[in-house]
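*Asks:* Here it is, the structure, as structure tokens.
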């Protein structure tokens, strides 16, 4: 364990987090002050938004949040759960939402002087304003935000959320333990009232004004509540598309009877379970292709061309945002999306038809829904060659609400992470631990954030204040999810630093497959967008994943040339793993204009996801095996942690087992020390 910043680590003090909005020359400056550490949870800690109380929730026989419920938190409520809240049994499943009362374990300055936090955000009186990223933004959230949570009705509720957001976001879906943390943080900065509603209450309140009607009857689209994987969830996804285009509300077949009892004036606009709607759309892969073909022919020209959504399993990939902005929602992949799936000629033909309708610069939201992730003819390659950006928004609810908040501008990383000053020692081995999957919202919002807030059980101090690590970050969250980015940046004592998500910060791309030239959608355009996003939040280290034929010196040189001045501080590669670091200069990369060269770091090895000290899953992590790999990897060891697991406790135990000649460093230190090892400076 690195104890350089831990002189007071024995003091586990419950702190008060205060966020002040200071208006100076028309910009809002977010500041904090208080005692040194905010621990896991106070024993009866209500979540308060300044003068506004976020309605807390205890267990109830009803899975909905109700306005009469209240919550008490405890230290036990700050666990490492990352499962999205979901329920399929309305009658028997209870709604114990105490796990959702999650604490923000944020270290704050010891003095009472205010400290600049995230630099500047846009003035709350003027948003929405100019965008950083080619995605639409919602209007400003309303003065009252209604909290809901019910996995059985999730598609219905998130679609209603999106329809309402067209006027102003008013509904906030609690789907994960950290959602209320982000809501609480938002309300501290931009105060609004909150109220919890049951499913029936929220439907009754908003349906009359926001859901389309035919002859005074409420329009709904019925989909199969128990849709099988074999048809790629064409019904569920298409119901979301139709909701956006027509204003009708998606209702699952299992929920239809209950819905009709609440709203006797229901009009079934489309029943996607009926063969008469889409002949040939059976519960098979061929039927799924036929279903999406019907949906594209019927509704495709009514959807927007800013983005579309790939949604394997029919999960809400930001379901509110999809409906609000009329996204075409589809996917052609079996559940094994990460490693690939059957992607035959008929699926590829339809995929090409749909993709060709979108211009370069379009954003593909969602997940890897076209034959898996990275094979020659699947998702990332198909998108990259068209100049379409992949923004993984997997299971990221409340994007309409988040995008209506002010965009964060000109932020700086936590000072402690950038102030570490090391001198190279040839007797030392330097180890960089990098939490990966920074391209996906579901990891950034939940999994990595939970790990980031791990507390050292011995000292009571957040691990992030004791051990330098690196976290891959979606720098575009400054626009799409400001509270998430803010929470990562709030702790001035954090030794964690951030590098861009793959492959540079503007979405996951295979750069060598992108179009040539400088037009929209080209590799040059993409890198300039990445550069602006990264510099906006003070990120200078770039993470790249090349495609199957990538990683030549010429391609690295081209990347650096496209990026321009100021050049990246360092480039970090996913592969080829095990290759020693290098300097990209005129001798190694070719005729580049970079003076002195740029460090290029290749991953030493990939630490698979495993379970350790209650964090992660699968088999038990082996400290001894990881120690052995590090000892045989040279003097600069760059370890990529799969999907953020295992967590900080594992890192601490590995470093202690390695002994005093091994030191954990973050990416800034890693690149700097490597330059020093070659006789240069940083």
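Read-outs throughout are calculated quantities, based only on the coordinates presented, and are distinct from any laboratory measurement. The model shown is predicted, which means the values in this text are computed figures rather than measured ones. Positions of Cβ are backbone-derived with ideal geometry, glycine not excepted, and every protein chain shown enters the neighbour counts.
*Asks:* At 0.36 nm per residue, minus the direct Cα-Cα distance, what do residue 342 and residue 676 gain on full extension? Give it in nm, one decimal, please.
*Replies:* Full extension from residue 342 to residue 676 adds 115.4 nm.
*Asks:* At residue 267 and residue 282, where each label point lies 7 Å from the Cα along Cα→Cβ, what is the point-to-point distance in nanometres?
*Replies:* Those two pseudo-labels are separated by 3.4 nm.
*Asks:* Pulled fully out, how much extra length does the chain show between residue 605 and residue 535, if you take 0.36 nm times their separation in residues and subtract their Cα-Cα distance?
*Replies:* 22.4 nm
*Asks:* With each label point set 7 Å from Cα along the Cα-Cβ vector, what nm distance links residue 214 and residue 302?
*Replies:* With each label placed 7 Å out from Cα toward Cβ, I get 1.1 nm.
*Asks:* Starting with the highest mean, order 362-369, 500-507, 175-182 by the number of other Cβ atoms within 10 Å, averaged over the residues of each peptide.
*Replies:* 500-507, 362-369, 175-182
*Asks:* Compare the peptides 461-469, 164-172 by average per-residue count of other Cβ atoms within 10 angstrom and give them in order, highest first.
*Replies:* 461-469, 164-172
*Asks:* Hey, another quick one. If you take every DSSP beta bridge fully contained in segment 144-403, what fraction is antiparallel? Give it as a percent rounded to 5.
*Replies:* So the antiparallel bridges in segment 144-403 amount to around 5 percent.
*Asks:* Quick one: if you stick a label point 7 Å off each Cα along the C-beta vector at residue 410 and residue 518, how many nm between them?
*Replies:* Here the modelled spin labels are 2.7 nm apart.
*Asks:* Return 256, 678, 399 ranked ascending by Cβ neighbour count within 10 Å, so the fewest neighbours appear first.
*Replies:* 678, 256, 399
*Asks:* If you stretched the chain out fully between residue 657 and residue 619, how much longer would it get, using 0.36 nm times the residue separation minus the C-alpha to C-alpha distance?
*Replies:* In short, 11.6 nm is gained.
*Asks:* Packing-wise, with mean Cβ within 10 Å as the measure, how do 571-584, 482-495 rank, highest first?
*Replies:* Ranked by mean Cβ neighbours within 10 Å, highest first: 482-495, 571-584.
*Asks:* Set the Förster radius R0 to 22 Å, insert the Cβ-Cβ distance between residue 552 and residue 376 as r into 1/(1 + (r/R0)^6), and round the FRET efficiency to 0.05.
*Replies:* 0.80
*Asks:* Between the alpha-carbon centers of segment 160-226 and segment 461-495, tell me the distance in whole angstrom.
*Replies:* Cα centroid of segment 160-226 versus Cα centroid of segment 461-495: 29 Å apart.
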